[in-house]
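A short worksheet on the structure shown next.
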């Protein structure tokens, strides 16, 4: 039986830029960061000669967010340019203690909000 969620993963264009948002702006703690290549990761992804880098960030009350950057085989398309009803589109909803404070931090760090 399923008892909890382990992690949610997102493929990103630039891991450093994404860490600036998730780690520095949202203040999620970096749990681990790795570069992977070789037979195991090829089997896991189904991509030959793959090299990727990932970072996992801790969600305080359980679970992780995993950010993946493919250094080989990068995809130049973006789901951000797709409508929200596109098959495969996803999102994550996080519960926060002080929405006004977090909103101010997001704006102060140069990001915007849709709603």
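Please treat every number below as a calculation from the coordinates, not as lab data. Just so we're clear, the structure is a prediction, and the values are computed from it rather than from any experiment. Backbone-built Cβ (ideal geometry, glycine too); neighbour counts: all protein chains shown.
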Helix-derived mean residue ellipticity, 222 nm - over the chain, DSSP H n ≥ 4, -39500 (n - 2.57), to 500: -5000 deg cm²/dmol
Hey, what angle do you get for helix 99-108 against the long axis of the chain, alpha-carbon based, 0 to 90 degrees rounded to 10? 70 degrees
At a Förster radius of 22 Å, what calculated FRET efficiency corresponds to the Cβ-Cβ distance of residue 31 and residue 113, to the nearest 0.05? 0.30
I need the per residue convex hull volume for the chain, using only the alpha carbons, in cubic angstrom as a whole number. 149 Å³
DSSP-defined beta bridges in the chain - what % are antiparallel, rounded to 5: 75 percent
Could you calculate the contour length gain from residue 44 to residue 71, that is, 0.36 nm times the residue separation minus the distance between their Cα atoms, to one decimal place in nm? 8.1 nm
